[in-house]
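Engineer: Dumping the structure here so I can ask a few things about it.
The values are calculated or read from the model by the stated rules, or taken from the named source; none is laboratory data. Fair warning: this is a prediction, and the values are worked out from it, not measured in the lab. Cβ placement follows ideal geometry from the backbone for every residue including glycine, while neighbour counts extend to all protein chains displayed.
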Amino acid sequence: MNDKLKKLLVTGAALGALLLNTTAVLADAEADATVGDDGTATSVSEDNDDFSVDNDNSGGIANLDAGVGVSGLNSQSGNDDDNDLSTGDAEGEGQSDNFANSNVTLIEDDESEGSAEAGADVGEDGDADASAYDNDVVSVVNLNLAGAENMTLGIAVSGLNSQSGNDDGNDMDTGDSDALAEAANTLNSNWTTIGGSNSAHANAEVGDDGTATALAEDNDDISVSNDNDASLANLSLAAAISGGNTQSGNDDDNSLDTGSSTADSSANNFVNSNVTVVGGGGGGSADATADVGEDGVADATSYDNDVVEVDNTNSAEVENLSAGVAVSGGNTQSDNDDGNSLATGSSSGSSCSSNTVNSNWTAIGGSLPEGGEGGCE
């Protein structure tokens with residue numbers, strides 16, 4: 001799933017108290033009846049909405065983050081003459097980012113001019129009846145269950161070196177050691193937007209003797225149900241070792257040099273996500289108009305009754321083992337005479353796991369957000 005969606009979900013979680021129980025701002029029901037001359041004008045308009053939002057979240061997250069950098073624990077003993085031991089910098093970092101359960105529900109934020117409008121107008125003798133109904137039932141149910149276990153270890157070792165029992169010129173140098181391990185989890189996310197605009201318009205007009213009747217109905221039944229179940233276990237390990245070197249029992253010129261060591265490990269998981277958009281803009285629906293110019297009867301009836309049901313059920317189990325290991329150290333020289341030299345080059349290791357397991361994007365008369373690329377960085 002794209003980063004834009006994630007940011008929106010994070011924003012929605014921060015404003016959860018406002019959005020999770022959103023007060024719907026839906027259009028009014030307007031009725032208008034006018035009699036110019038003798039006659040009867042009747043106008044009925046109904047806009048009765050029933051909204052139900054139910055969010056049930058359960059999650060358990062256990063994180064073990066360890067960033068360990070070791071440049072010390074070095075020893076020199078029993079050496080003669082010139083002795084030198086130096087270690088490079090050692091940096092270890094471990095990080096876990098968890099965003100478990102999030103529900104953002106927005107029902108109708110359209111500032112439309114009204115829905116379920118009925119108008120009846122009699123210019124002369126006659127009857128004009130106009131009825132408009134816009135009765136909606138919207139039910140949103142989000143049920144999320146998530147379990148995540150992360151062990152993130154970043155271990156960098158430039159130390160743990162020893163030199164002992166050496167004679168003459170003794171030199172040991174280790175390079176820098178850097179390790180980074182990172183795990184990011186966004187487990188269950190539901191983003192539901194239900195909107196629309198003007199609907200169910202009825203108009204009846206009588207110019208001369210006659211009867212005009214207009215009936216418009218736009219009764220919608222929308223049900224959105226998201227059921228997510230996820231179990232996630234990540235082990236991200238980055239180990240960079242430039243140290244752990246030994247030289248002992250050597251005579252004369254002794255030199256041991258190691259290069260730098262770098263290891264990276266990363267795991268990104270975006271497990272269950274449901275984005276549902278129901279509705280859209282545009283003009284009204286279910287419009288009925290009846291007009292009588294002279295004696296006669298005009299009837300207009302329009303029905304736009306929609307039943308929309310969206311059901312997403314996701315179940316996922318994800319296990320990642322990401323290991324980035326770089327070893328430039330762990331070297332030994334012992335019992336050597338005369339000119340002794342040991343040099344290692346740089347060492348790097350990298351590992352990446354990226355999982356986007358279950359995703360459902362559903363649009364009915366609306367539009368979805370733009371997609372994008374994700375994964376390890």
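Engineer: Name the strands (runs of 3 or more DSSP E) wholly within segment 285-334 that hold at least 3 residues that are within 30 Å of Ser223 (Cα to Cα) and either modelled with pLDDT of 85 or more or touching a helix residue (DSSP H, G or I) at 6+ places or on another chain (Cβ under 8 Å) (or both)? Walk me through how you get there before you give the answer.
Structural biologist: Numbers: elements: 287-292, 297-303, 306-327, 332-334.
So the answer is 306-327.
Engineer: Can you list the strands (runs of 3 or more DSSP E) lying wholly within segment 162-269 that have 1 or more residues being of a type outside the set (A, V, I, L, M) and within 30 Å of Val122 (Cβ to Cβ)?
Structural biologist: Filter on segment 162-269 gives 201-206, 211-217.
Engineer: From Gly279, Gly324, grab the single residue that is small (Gly, Ala, Ser), buried (at least 17 other Cβ atoms within 10 Å of the Cβ) and closer than 21 Å to Asn135 by Cβ. Steps first, please.
Structural biologist: Values: Gly324 fails: closer than 21 Å to Asn135 by Cβ.
That would be Gly279, the only listed residue that is small (Gly, Ala, Ser), buried (at least 17 other Cβ atoms within 10 Å of the Cβ) and closer than 21 Å to Asn135 by Cβ.
Engineer: Looking for whichever is touching a residue at least 40 places away in the same chain (Cβ under 8 Å) and touching a Leu at 6+ places or on another chain (Cβ under 7 Å) here; the options are Asn188, Asn245. Which one fits?
Structural biologist: Step by step, each of Asn188, Asn245 is checked, and only Asn245 is touching a residue at least 40 places away in the same chain (Cβ under 8 Å) and touching a Leu at 6+ places or on another chain (Cβ under 7 Å).
Quick grid of which residues meet (1) farther than 30 Å from Ser255 by Cα; (2) out of contact with any strand residue (DSSP E or B) (no Cβ under 8 Å at 6 or more places or on another chain); (3) surrounded by fewer than 14 Cβ atoms within 10 Å (Cβ to Cβ):
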position: Ala290; (1), (2), (3): yes, no, no
position: Ala300; (1), (2), (3): yes, no, no
position: Ala316; (1), (2), (3): yes, no, no
position: Thr332; (1), (2), (3): no, no, yes
position: Asp337; (1), (2), (3): no, yes, yes
position: Thr344; (1), (2), (3): no, no, no
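Engineer: Give, as residue ranges, the strands (runs of 3 or more DSSP E) completely inside segment 44-110 that count at least 3 residues that are in contact with a helix residue (DSSP H, G or I) (Cβ under 8 Å, 6 or more places away or on another chain) and under 30 Å from Val138 (Cα atoms).
Structural biologist: Details: elements: 49-70, 75-77, 83-86, 90-107.
Those strands (runs of 3 or more DSSP E) span 90-107.
Engineer: Is it the case that segment 132-146 has a residue that's buried (at least 19 other Cβ atoms within 10 Å of the Cβ), outside any strand (DSSP E or B), within 38 Å of the chain's Cα centre (by Cα) and in contact (Cβ under 8 Å) with a residue 12 or more places away in the chain?
Structural biologist: Checked segment 132-146: at least one residue is buried (at least 19 other Cβ atoms within 10 Å of the Cβ), outside any strand (DSSP E or B), within 38 Å of the chain's Cα centre (by Cα) and in contact (Cβ under 8 Å) with a residue 12 or more places away in the chain.
Engineer: What tally of residues in segment 26-64 results from selecting those that are surrounded by fewer than 13 Cβ atoms within 10 Å (Cβ to Cβ), more than 20 Å from the chain's Cα centre (by Cα) and either among the small types (Gly, Ala, Ser) or at pLDDT below 50 (or both)?
Structural biologist: Of the residues in that region, 2 qualify.
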